[in-house]
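*Asks:* This structure is in structure tokens; I'll ask about it shortly.
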Amino acid sequence: EGVLIEANQAALDFAGVMAADVIGKPFWETRWWRGNDARVQRLQDAIRRAASGESVRYETELQGAGENVTTIDFFLKPVFDRDGAVEFLVPEGHDIGERIRAERERLRLQEQLAQARKMESLGQLAGGVAHGFNNMLAVILGNAELALDRPDLSPPLRAELQYIREAAQHSAHLTGQLLAFARRQTATPRLIDTNEAVAVILGMLRPLLGEGIKLVWEPAAT
């Protein structure tokens, strides 16, 4: 019927109760189980199954002393009399909370490791792309410099070549950042004008944001 007739000291210590507090009460009304309707319903179902001769085992959270809640490997088994009828039920609980916590920590560390490897792969990919792009920029920048050295350039053509050179120089700076991210070249700390740096980034961001997002920037006073 689920009425508790005996409790060992380990179970009493876990719940922080005396034997007189639980003996003679329905098992689901004791401190271990109360306070959670779903947990109580599952226990009552397990008792019905065990009373019919079935051994029942599952993991559940139990209320211990104070605010202590831990995961228990719960086992409910029937004990039969000489005629094969169920005489009483024996519940056993093994605290596996520490094992569960260790498993969660292991999974968390595995996820962190996978993320780190993913970032490493991304850095290698970025470095390879940046290295190839940097070689192409060197060709563009070199030819622009050679063309600008010609004395017979018209002013409009010179202005266009200067624009090409500036764009190539800016792109080379960006690829340098990618290479530093990929650890293919040493990053050299230097003083920068943050307004200028943000302005450059905004120039790249605005075309990517789309018409549905308005980007507002308020630069610091210089």
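The values are calculated or read from the model by the stated rules, or taken from the named source; none is laboratory data. Predicted, not measured: the structure shown is a model, and the values here were computed from it. Reconstructed Cβ throughout: ideal geometry from the backbone, glycine too, with neighbour counts over all protein chains shown. The area values use the complete protein model at the heavy-atom level, side chains included, leaving out ligands, DNA and RNA. Shrake-Rupley method; radii C 1.70, N 1.55, O 1.52, S 1.80 Å.
*Asks:* Looking at region 190-203 only, could you name the residues that are under 14 Å from Q177 (Cβ atoms) and open to solvent by 80 Å² or more (accessible area, probe 1.4 Å)?
*Replies:* R190, I192, I201, listed by residue number.
*Asks:* Tell me, which residue of region 146-177 that is touching a residue at least 24 places away in the same chain (Cβ under 8 Å) and among the polar types (S, T, N, Q) is surrounded by the fewest Cβ atoms within 10 Å (Cβ to Cβ)?
*Replies:* Checking each candidate, the answer is Q169.
*Asks:* Here is a follow-up. Take region 66-117 and flag every residue that is free of Cβ contacts under 8 Å to residues at least 12 places away in the same chain and among the hydrophobic types (A, V, I, L, M, F, W, C).
*Replies:* If the condition is that a residue be free of Cβ contacts under 8 Å to residues at least 12 places away in the same chain and among the hydrophobic types (A, V, I, L, M, F, W, C), then V69, V79, A85, A102, L107, L109, L113, A114, A116 are the ones that fit.
*Asks:* Applying the selection to region 1-10, what residues are in a helix (DSSP H, G or I) and at pLDDT below 90?
*Replies:* Residues of region 1-10 in a helix (DSSP H, G or I): 9-10.
Residue satisfying the conditions is A10 alone.
*Asks:* Identify the residue in region 147-192 that is polar (S, T, N, Q) and closer than 20 Å to G127 by Cβ and, among all such residues, is modelled with the highest pLDDT.
*Replies:* It comes out as S171.
*Asks:* Related question: Kindly indicate the residue of region 137-159 that is under 49 Å from the mean Cα position of the chain (by Cα) and of a type outside the set (A, V, I, L, M, F, W, C) and also nearest to G176 (Cα to Cα) among those meeting that condition.
*Replies:* Only one residue tops the list, namely G142.
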